[in-house]
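Below you'll find the structure, written out as structure tokens, and then a few comments.
The values are calculated or read from the model by the stated rules, or taken from the named source; none is laboratory data. Computed from a prediction, not measured in an experiment: that's the story for all the values here. Here the Cβ is made from the backbone with ideal geometry for all residues, glycine too, and neighbour counts use every protein chain on show. Note: areas computed on protein heavy atoms with side chains; ligands, DNA, RNA excluded. Shrake-Rupley method; radii C 1.70, N 1.55, O 1.52, S 1.80 Å.
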Amino acid sequence: MLVLAGAVLFAWSGVYNVAASTGHFRVVDHFLRFGMENSVRARAPSTNLPPGIDESLVRLGAGHFHAGCAYCHGSPGTPISPVAASMLPPPPVLTERVGRWSDGELFWIVKHGLKYAGMPGFPSLHRDDEIWAVIAFLRRLPSLDRPGYRALALGEVEPEPQRGMEIATGQTEPDATGACARCHGAQAGPPSRLVPILHGQPAAMLESALRAYANGERDSGVMQTAVVGLPDSTVRHLAAYYASLPRPPASIETIDQAAAARGEAIARDGVSSHGVPSCLGCHGQGTAPDYPRLAGQPARYLEGQLAVWRKGLNDRSATGRIMAPIARRLSEAQSRDLAAYFASLAPTREAPQ
């Protein structure tokens, strides 16, 4: 009781200086760090990244790191911002720190953030798949120099004097911060198979999707970070720009032909016994402008999106309320078959008028 009364009196007196400019007493700093590290280890999952390098996962994580993390933590060739460096505690240089944590511990920190450290949680706590992409990139980060980092995080986009291109490539901002093209590409397609090809998609669908992410009707920490705060004119320009692009040359993707054949049957006829309608009625070439064209999309992206719907996410937008119950009636195997089928199709190369 006396200890509690003493602690209250200490806090009431205001004798302890909470100014970030003075820092903590060394004993306080050690105590807080000791508690933080043990708290993370007590709660972190034992899950690890799968063995081997998943380049698509790394590239997706690189794009989000540049948009959401690099300002505070710096990046190869770019030091931590002086403003961020004045925080208490200052954000660590991750190239020196990530090796001290296991994959599961890094996952927990990125997902939940840290109290009293200015480290926010991930914008969408339900998208573990996106968080693992960030962890995959963090494992690559210590080995990168400035050119290697820029190639992963920003891509090799050549800007053109077009309004849509300026927005998409980030030509209007230093280092393409917040740019769409670092993940989705511009004249070339996206470098990651976890990302959709936007080229030639209906402008109405693209605009609707961007607004749904910005309004929180679709769950994605990556996309919400990219689009929240964009003015209406920018959303319209972006949608029109990507809708005007011809489809890039199809990248070589190994497809299980038997799976694709099973997927074709579902796509054409649906699964009547489970209330699954034909997919091509909405997602075929030349159908309604509110729905995406799935032909030639990466199989991993398609399968991932179906998995998100099965988890009960992305069901708050107008189209999500249609798609989510359908996806939940599909098994994982059927989802893989559908993804293989649509990925095997050759999309129309011409840009729409």
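Points to keep in mind about this one:
- Matching helices (runs of 4 or more DSSP H) fully within the range 128-178 where at least 1 residues are charged (D, E, K, R) and modelled with pLDDT of 55 or more: 128-140, 146-153
- For Met323: the one exception among (1) open to solvent by 20 Å² or more (accessible area, probe 1.4 Å); (2) of a type outside the set (Gly, Ala, Ser); (3) at pLDDT 90 or above; (4) in a loop (DSSP other than H, G, I, E, B): (4)
- When residues of the range 181-191 are limited to those that are assigned to a loop (DSSP other than H, G, I, E, B) and crowded, with 24+ Cβ neighbours inside 10 Å, the one modelled with the lowest pLDDT: Ala186
- Looking only at residues of the range 28-84 that are part of a loop (DSSP other than H, G, I, E, B) and of a type in the set (Val, Ile, Thr), we find that the one that is farthest from Gly148 (Cα to Cα) is Thr47.
Table: residues versus (1) within 23 Å of Gly221 (Cα to Cα); (2) touching a residue at least 60 places away in the same chain (Cβ under 8 Å).
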| position | (1), (2) |
| --- | --- |
| His73 | yes, no |
| Pro82 | no, no |
| Val93 | yes, no |
| Ala133 | yes, yes |
| Ala136 | yes, yes |
| Leu152 | yes, yes |
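- Qualifying residue in the range 71-88 (condition: at positive phi and surrounded by 15 or more Cβ atoms within 10 Å (Cβ to Cβ)): yes
- Any hit, the range 236-245, residues being surrounded by fewer than 21 Cβ atoms within 10 Å (Cβ to Cβ) and either in contact with a Cys (Cβ under 6 Å, 6 or more places away or on another chain) or closer than 19 Å to Trp309 by Cα (or both): no
- The range 199-208 - residue that is part of a helix (DSSP H, G or I) and touching a residue at least 60 places away in the same chain (Cβ under 8 Å) and, of those, most open to solvent (accessible area, probe 1.4 Å): Ser208
- All of Leu306, Leu338 fail the test of being under 18 Å from Arg127 (Cα atoms), modelled with pLDDT of 95 or more, assigned to a helix (DSSP H, G or I) and among the aliphatic types (A, V, I, L, M), apart from Leu306.
- Residues that are surrounded by 20 or more Cβ atoms within 10 Å (Cβ to Cβ) and either more than 21 Å from Phe137 (Cβ to Cβ) or in contact (Cβ under 8 Å) with a residue 24 or more places away in the chain (or both), drawn from the range 214-224: Arg218, Asp219, Ser220, Gly221, Val222
- Residue in the range 329-338 that is crowded, with 20+ Cβ neighbours inside 10 Å and touching a Leu at 6+ places or on another chain (Cβ under 6 Å) present: yes
- Residue among Gly14, Gly35 that is without any contact (Cβ under 8 Å) to a residue 12 or more places away in the chain and on the phi > 0 side of the Ramachandran plot: Gly14
- Residues in the range 281-303 that are at pLDDT below 90, part of a loop (DSSP other than H, G, I, E, B) and small (Gly, Ala, Ser): Gly284, Gly286, Ala288.
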